[in-house]
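What follows is a single structure, written as structure tokens, with notes after it.
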Amino acid sequence: MPKVLVLANQKGGVMKSTLSVNLAVGFALRGYRTLLIDCDPQANSTYSLGVEADQDQCLEAFVHQSDLRTPPILSSEPVDGITVDVIPAWISMGLIERWPDVKSAPDPKIVASRIRKAMGNVYDWVIVDGPPHLGYWNQVALEVGDKVLIPVPQAGNYPLIGLLQMRSTIESVQARSNARLRLLGVVSTLVDSRTSMGRTARERLELFVRDPDLIFDTQIPRATSVEWSQAHEGSNLFIAAPREAVTVAIVKLMEEVEARWQRNG
Ligand SMILES: Nc1ncnc2c1ncn2[C@@H]1O[C@H](COP(=O)(O)OP(=O)(O)OP(=O)(O)O)[C@@H](O)[C@H]1O
Ligand SMILES: [Mg+2]
């Protein structure tokens, strides 16, 4: 069975897409069969993976199929000859969230179960990039997932307030409709260890996350190389900055994700 990891946080700009793309590419480079599902109408991961999506080849087209039979699975630009499969997003996907259109959208639970059926046992890892809100596409992401990783940036306490809401959303989806769903953990992102806020990021996170075991040891540093790596379609940190500290941290995060997954069963 694939391991389906959702990057979720209704707070925007916390590194969901950057981590989704680079974890997916990182797992693929390790030889794992990897799929990325882009559940964000901003389509940032779709762009970074260099996928030729359009309105007919994206998640939205799939949810408009009357029988929800075939999600489009496209291929990323290769990195060292390795590709990631992608169910892409497209900007018009956001319209489904619009009132009253959302009332006629198919049940996210059914959408997710059809996606899981189409995934079958083909993949080792499935990475789901969530949107910065708690609407329809976030629900699809949480219904399709097994475990959730919440990135929380070093940026005062605003992201910590959002974290509380995200945890209660995960608990309610788990209780109501997806019993598999668990919080794998919380990862500190955009950390600048030259500042006192950066050096105390973990302690401040512990005040909000009652169980400190949920906090990943790995912290993802703030780095200008992330911006370069996103300056071209089809680019990522493994292409643009393979030896930078931020890429090394993402590889460490990948290893911690695997180890925690094995421990948590
Ligand atoms: N480690 C980093 N250092 C510096 N800048 C970063 C880093 N990670 C991401 N960024 C930048 O921060 C912005 C937000 O990152 P990203 O798009 O990955 O977040 P997100 O949570 O997916 O955002 P959204 O909620 O809008 O989907 C991007 O412009 C990206 O280039
Ligand atoms: Mg994003």
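The values are calculated or read from the model by the stated rules, or taken from the named source; none is laboratory data. Please read these numbers as outputs of a predicted model, since none were measured by experiment. Heads up, the Cβs are rebuilt from the backbone with ideal geometry, glycines too, and the neighbour counts pull from every protein chain shown.
Among the residues of region 235-250, those that are within 28 Å of E52 (Cα to Cα) and either modelled with pLDDT under 95 or surrounded by 18 or more Cβ atoms within 10 Å (Cβ to Cβ) (or both) comprise S235, N236, L237, F238, A241, V246, T247, I250.
Do we have G50 as buried (at least 18 other Cβ atoms within 10 Å of the Cβ) and touching a Pro at 6+ places or on another chain (Cβ under 6 Å) here? No: the conditions fail for G50. For the condition among the aromatic types (F, W, Y) and under 30 Å from G156 (Cα atoms), Y47 qualifies.
The criterion of at least 2 residues that are under 26 Å from V4 (Cβ atoms), within 16 Å of ligand 1 (Cβ to nearest atom) and touching a helix residue (DSSP H, G or I) at 6+ places or on another chain (Cβ under 8 Å) is met, among helices (runs of 4 or more DSSP H) falling completely within region 157-265, by 158-176, 224-229, 237-240, 245-264. Does E227 qualify as being surrounded by fewer than 18 Cβ atoms within 10 Å (Cβ to Cβ), within 16 Å of ligand 2 (Cβ to nearest atom) and under 20 Å from the mean Cα position of the chain (by Cα)? Here the answer is yes, as E227 does meet what is asked.
Of all residues in region 161-182, those being in contact (Cβ under 8 Å) with a residue 60 or more places away in the chain, under 16 Å from the mean Cα position of the chain (by Cα) and farther than 19 Å from V14 by Cβ number 1. Can you find a residue in region 130-143 that is outside any loop (DSSP other than H, G, I, E, B), among the charged types (D, E, K, R), within 16 Å of ligand 2 (Cβ to nearest atom) and at pLDDT 95 or above? Checked against the condition, which is being outside any loop (DSSP other than H, G, I, E, B), among the charged types (D, E, K, R), within 16 Å of ligand 2 (Cβ to nearest atom) and at pLDDT 95 or above, region 130-143 yields no hits at all.
Condition test on A43, is it buried (at least 17 other Cβ atoms within 10 Å of the Cβ), within 16 Å of ligand 2 (Cβ to nearest atom) and more than 18 Å from the chain's Cα centre (by Cα)? Taking the combined requirement at face value, the residue does not satisfy it. Look at (1) within 16 Å of ligand 1 (Cβ to nearest atom); (2) among the hydrophobic types (A, V, I, L, M, F, W, C); (3) out of contact with any Asp or Glu (no Cβ under 7 Å at 6 or more places or on another chain) and you find that W99 fails only one, number (1). Might you check whether a residue that is in contact with an Asp or Glu (Cβ under 7 Å, 6 or more places away or on another chain) and under 19 Å from D38 (Cβ atoms) occurs anywhere in region 181-202? No - not one qualifying residue is present in region 181-202.
Is it the case that region 77-99 has a residue that's surrounded by fewer than 21 Cβ atoms within 10 Å (Cβ to Cβ) and touching a Ser or Thr at 6+ places or on another chain (Cβ under 6 Å)? Checking region 77-99: at least one residue is surrounded by fewer than 21 Cβ atoms within 10 Å (Cβ to Cβ) and touching a Ser or Thr at 6+ places or on another chain (Cβ under 6 Å).
Residues in region 118-135: is at least one of a type in the set (D, E, K, R), within 21 Å of T169 (Cβ to Cβ) and crowded, with 16+ Cβ neighbours inside 10 Å? There is at least one residue in region 118-135 that is of a type in the set (D, E, K, R), within 21 Å of T169 (Cβ to Cβ) and crowded, with 16+ Cβ neighbours inside 10 Å. Within region 21-30, the presence of a residue that is among the basic types (K, R), under 13 Å from the mean Cα position of the chain (by Cα) and on the phi < 0 side of the Ramachandran plot is excluded.
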